[in-house]
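Everything on this sheet refers to the single structure shown next.
The values are calculated or read from the model by the stated rules, or taken from the named source; none is laboratory data. This one's a predicted model, so the numbers in the text were calculated from it and none came from an experiment. FYI the Cβ positions are ideal-geometry reconstructions off the backbone, even for glycines, and counts take in every protein chain you see. Ligands, DNA and RNA are excluded from the accessible area calculation, which covers all protein heavy atoms including side chains. Shrake-Rupley method; radii C 1.70, N 1.55, O 1.52, S 1.80 Å.
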Amino acid sequence: MASPKPRCSSFATTSRTHMRPSGGIIDDSFLTETKNIQNRKLSQKRKTLSCQFSIGGQLSPWPTHTSGQTILQNRKPCSYDYRKRAGSWQQHPLGTTKPRYLEQLENYLRKELLLLDLSTDSTQELRLQPYREIFEFFIEDFKTYKPLLSSIKNAYEVMLAHQREKIRALEPLKAKLVTVNEDCNERILAMRAEERYEITMLKKEKMNLLKLIDKKNEEKISLQSEVSKLRKNLAEEYLRYLTERDARKILIADLNELRYQREDMSLAQSPGIWGEDPVKLTLALKMTRQDLTRTQMELNTMKANFGDVVPRRDFEMQEKTNKDLQEQLDSLRDDYEEVCKEHEILLQLHMTTLKERDQFHSELQEIQRTSTPRPDWSKCEDVVAGGPDRWQMLAEGKNSDQLVDVLLEEIGEGLLREKDFFPGLGYGEAIPSFLRFDGIVENKKPTKKDVVNLLKDAWKQRLVEEQKEKFPDFFFNFLEHRFGPGEAMAWAYTIFENIKLFRSNEVMSQFYAVLMGKRSENVYIKQKETVAQLLKEMTNADSQNEGLITMEHLSTVLKSTFPFKKEEKIQELMEAGGWHPNSSNADLLNYRSLFTEDEEGQSTPFVQKLWEQYVDEKDEYLQELKQELGMELHNEVTLPQIREALISIDPSLEKQTLNSYLIQAFQLPMKELPEEGEEKEESIVVQLKIALQRLQMIDIRRMGSREPEPAS
């Protein structure tokens, strides 16, 4: 028999070509076209394939007699043909080979399976095509069983089509299931985050409750110790009263005995008074005395036991009433003291408010009189280097006067960058010593950061030395040591022009004031010492050394470091440090961040507020001095007047500090300062305005509270 032609790969190519792009189920139109192509192919292949029958016109019995009964075991022995064929198959020898038609079909099936593309999702659908073709061959070749086989094939095709429809209908449900799964996962994550937040809050609440329990336990222990002490005192009083009662009884008995002896003696001295029988009278007297003694003893016992005693019920009632009244009295006394304090605070606030109101009213009138249209500062955004973002950063929290300074600094910085040289100021007496030069000097053009670092190094060097030379001379010597004699003058002019321009920078403005003699360098040193002391106190309060303290500890440290600051000043410092009215005292604060500086030397709002309060307190102190003197600024004041005024406004002022203030105000050497009460004190005079300006230059501050004025 001629072997069947190898199946053309056009069918497989067609199948792959019409397969869904998504790799899903094949469409019905594609199946119909495939069946038509299949029928045409089958009609051609049937011409080449012929059924291989046995010699007797029946199918070959292979492989029943060669490889066992595995293939035809499921056939029912219901016909004569079956029995006949079974007998004939047993007569065949064991060496019979497979029928050629079966081998051709197996080879054809193997080739078709190898031509399939197994990398797509529709592999199983395509895999059925070769088996369909083999089954069609059987249906067409076996005419007798064609109806039965066709019905079997159709039943399977219908079932496969039904399963395809179900799969197609379940595809949206699969996508919906994925979406629902993602939503559920998001909800689970949200619930877990919420649970973690609740656990955190519960832990905080637990810590607060534990602290409250510890506090209550301490109160309980203190109350128990107080109760024990009161019980001990009560026992001692009770023993004292018992001793006193017994002593009174003994005293009464002694008194009675003495009285009886006195009566016996009086009767023995006058025996002739009675006319009756002395023996009878003596006996009657003896019996009467015994009755009297017994009665007197009972009476004394009753008086001693119950003379000062009240009923226990009345005693407990009175004791309870007394205790309630005492508690009410203590509560009323505390309330009264609290109300008195609040009244004093309100009076002070009222007076302060009145002063502020008058001041604001006068300022408002002055502003209304001299005010000009408010400038539009947004115009500067396009002019300042850095654009709107940098201008917003520079203008944040500043008034118009400060914005003018910022704008002048920006303009001056640009002009200063354009200069390559500075003209020398000459050698005049009015010229500072570190600027005395004739000619031109080079502009070194350092950045603000470089200038700030250089000034900090100069301060460090100044603190190390003994401060024997004046500050301008020290500064020039520092520049010579740092840059050499040839470059020192150029750097002196460059640094001077920079610190004169950038007044808003804390480091530069303070250095400029000290360098030009407008402020004593002790002011800067004392301020740094105050900041260092404050940091040390906060570090001591941080028992865990974690860099964190509570707001309550911050308030305690501020009050202990600045005992003479008012409550509102302490409140301002706490707000600058990060405290808010709605925050609790248990909130933690990173106190080390309060003392940091940026690269240009600008400190935090906390340190800035500390410096502002120092300046305001100095002004208030000098204003009190002026009011105490009761003079106009152009009047002359003597040394004793300023001495008395300083002692009056600050009684805690030490003599050494007082002398330093007087030396500064009158510009006297230490040796020429007269002692109190000397005649030449009156000859030392100075204008009040000049004295206050000189005191403004040094570190002057209150050393104690001012004593209240006596009531008239």
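With every protein chain present, what accessible area does THR550 have (1.4 Å probe, heavy atoms only), rounded to the nearest 10 Å²?
Counting only protein heavy atoms, THR550 exposes about 30 Å² to solvent.
Probe 1.4 Å, all protein chains in place: accessible area of SER228 in Å², nearest 10?
The accessible area comes out at roughly 70 Å².
Quick one: ranking TRP611, TRP579 by accessible area, 1.4 Å probe, largest first, what do you get? Kindly include the intermediate steps, with their values, before the conclusion.
On the way: TRP611 55, TRP579 35 Å².
From most exposed to least exposed: TRP611, TRP579.
With every protein chain kept in place and ligands, DNA and RNA left out, what is the accessible area per residue of the stretch 419-518? Probe 1.4 Å, answer in Å².
On the way: 5130 Å² over 100 residues.
Result: 51 Å² per residue.
Please give every one of the aspartates and glutamates within straight-line cross-link reach of LYS419, meaning a C-alpha to C-alpha distance under 19 Å, and leave out same-chain neighbours fewer than 8 residues apart.
GLU409, GLU410, ASP438, GLU442, ASP450, GLU487, GLU497
Can you give me the orientation-averaged projected area of the convex hull built on the Cα atoms of the stretch 523-667, in nm²? Walk me through the intermediate numbers first.
Numbers: hull surface 45.4 nm².
For the stretch 523-667, the mean projected area of the Cα convex hull comes to 11.3 nm².
Could you work out what % of the accessible surface of the stretch 491-627 is carbon and sulfur, using a 1.4 angstrom probe and leaving DNA, RNA and ligands out of the count? Write down the numbers at each step before the final one.
Working: 3160 of 6750 Å².
Carbon and sulfur atoms account for 47 percent of the accessible area of the stretch 491-627.
Points 7 angstrom from Cα along the Cβ direction at HIS634 and SER228: gap in nanometres?
With each label placed 7 Å out from Cα toward Cβ, I get 7.8 nm.
Report relative contact order for the stretch 608-697 in percent, whole number only (criteria: Cα-Cα under 8 Å, sequence separation at least 6).
Working: 72 pairs, mean separation 34.7, N = 90.
Computed value for the stretch 608-697: 39 percent relative contact order.
Is the C-alpha gyration tensor of the stretch 608-697 telling us rounded, prolate or oblate? Criteria: a/c under 1.5 is rounded; beyond that, a/b larger than b/c is prolate, otherwise oblate. Please list the in-between numbers first.
Working: a/c = 1.83, a/b = 1.52, b/c = 1.20.
Cα axes put the stretch 608-697 in the prolate bin.
Going by the alpha-carbon gyration tensor, a ≥ b ≥ c the square roots of its eigenvalues, is the stretch 520-595 rounded (a/c under 1.5) or, if a/c is not under 1.5, prolate (a/b greater than b/c) versus oblate?
Here the stretch 520-595 falls in the oblate category.
For LYS203, give me every one of the aspartates and glutamates with a C-alpha distance below 16 angstrom, ignoring sequence neighbours fewer than eight places off in its own chain.
GLU194, GLU195, ASP587
For ALA541, what is the net charge nearby, where nearby means another residue's Cβ is under 15 Å from its Cβ and Lys, Arg count +1, Asp, Glu -1? Mind dumping the intermediate values first?
On the way: positive: LYS536, LYS559, ARG592; negative: GLU537, ASP542, GLU546, GLU552, ASP587.
Summing Lys/Arg as +1 and Asp/Glu as -1 gives -2.
Grab the Cα-Cα distance for PHE135 and GLN608, subtract it from 0.36 nm times how many residues apart they are, and report the gain in nm with one decimal. Please list the in-between numbers first.
Working: separation 473, 0.36 × 473 = 170.28 nm, distance 9.69 nm.
Answer, rounded to one decimal: 160.6 nm.
With θ set to phi - 60°, apply the Karplus curve 6.51 cos²θ - 1.76 cosθ + 1.60 along the stretch 195-212 and write out the HN-Hα couplings as whole Hz, x wherever there is a Gly or Pro.
Computed from phi, the couplings for the stretch 195-212 are 5, 4, 5, 5, 5, 4, 5, 5, 5, 4, 5, 4, 5, 5, 5, 5, 5, 5 Hz.
Report the full-extension gain for the segment ARG168 to ALA284: residue separation times 0.36 nm, less the Cα-Cα distance, to one decimal in nm. Each step should come with its number before you reach the end.
Numbers: separation 116, 0.36 × 116 = 41.76 nm, distance 14.04 nm.
Separation in residues times 0.36 nm, less the Cα-Cα distance, equals 27.7 nm.
Mean separation of Cα pairs under 8 Å and 6+ residues apart, divided by the residue count of the stretch 419-518: what relative contact order is that in percent?
Details: 102 pairs, mean separation 27.2, N = 100.
Answer for the stretch 419-518 is 27 percent.
With every protein chain present, what accessible area does ASP438 have (1.4 Å probe, heavy atoms only), rounded to the nearest 10 Å²?
Solvent-accessible area, nearest 10 Å²: 110 Å².
At what distance in nm do the modelled label points of ASN154 and ASP358 sit from each other, each positioned 7 Å from its Cα along Cα→Cβ?
So the label points at ASN154 and ASP358 sit 11.7 nm apart.
Of ASP358, ASP542, which has the most accessible area and how do the rest follow, probe 1.4 Å? Before the final figure, lay out the partial values.
Details: ASP358 85, ASP542 15 Å².
Of ASP358, ASP542, the descending order of accessible area is ASP358, ASP542.
Please list, or write none, the lysines whose alpha carbon is within less than 28 Å of the alpha carbon of LYS98, excluding same-chain residues fewer than 8 places away.
Filter leaves LYS5, LYS41, LYS45, LYS47, LYS76, LYS84, LYS111, LYS143, LYS146, LYS153.
For the cross-link pairs LYS559/LYS689; LYS355/LYS559; LYS456/LYS618; LYS526/LYS626, which exceed 32 Å when the distance is taken from alpha carbon to alpha carbon? Each step should come with its number before you reach the end.
Details: LYS559/LYS689 34 Å; LYS355/LYS559 26 Å; LYS456/LYS618 25 Å; LYS526/LYS626 24 Å.
In this structure, LYS559/LYS689 exceed 32 Å between Cα atoms.
If you take every residue apart from THR295 with its C-beta less than 13 Å away from the C-beta of THR295, what net charge results, scoring Lys and Arg +1 and Asp and Glu -1?
On the way: positive: ARG289, ARG294, LYS303; negative: ASP291, GLU298.
That sum, taken over residues with Cβ under 13 Å, equals +1.
Modelling each spin label as a point 7 Å along the Cα-to-Cβ direction, I'd like the THR596/ARG245 distance in nm, to one decimal.
It is 7.7 nm.
Between beta-carbons, use under 15 Å as the cut-off and find the net charge around LEU573, counting Lys and Arg +1, Asp and Glu -1.
Details: positive: LYS559, LYS565, LYS566, LYS569, LYS609; negative: GLU537, GLU552, GLU567, GLU568, GLU572, GLU575, GLU612, ASP616, GLU617.
Around LEU573, the charge tally is -4.
Please tell me which of these pairs span more than 25 angstrom C-alpha to C-alpha: LYS518/LYS609; LYS216/LYS565; LYS449/LYS569?
Working: LYS518/LYS609 22 Å; LYS216/LYS565 33 Å; LYS449/LYS569 32 Å.
Flagged as over cut-off: LYS216/LYS565; LYS449/LYS569.
Taking amide H atoms as placed 1.01 Å from N in the peptide plane, list the residues 5 or more away in sequence, or in a different chain, whose amide H sits under 5 Å from that of ILE440.
Those lying under 5 Å, H to H, from ILE440 are GLY424.
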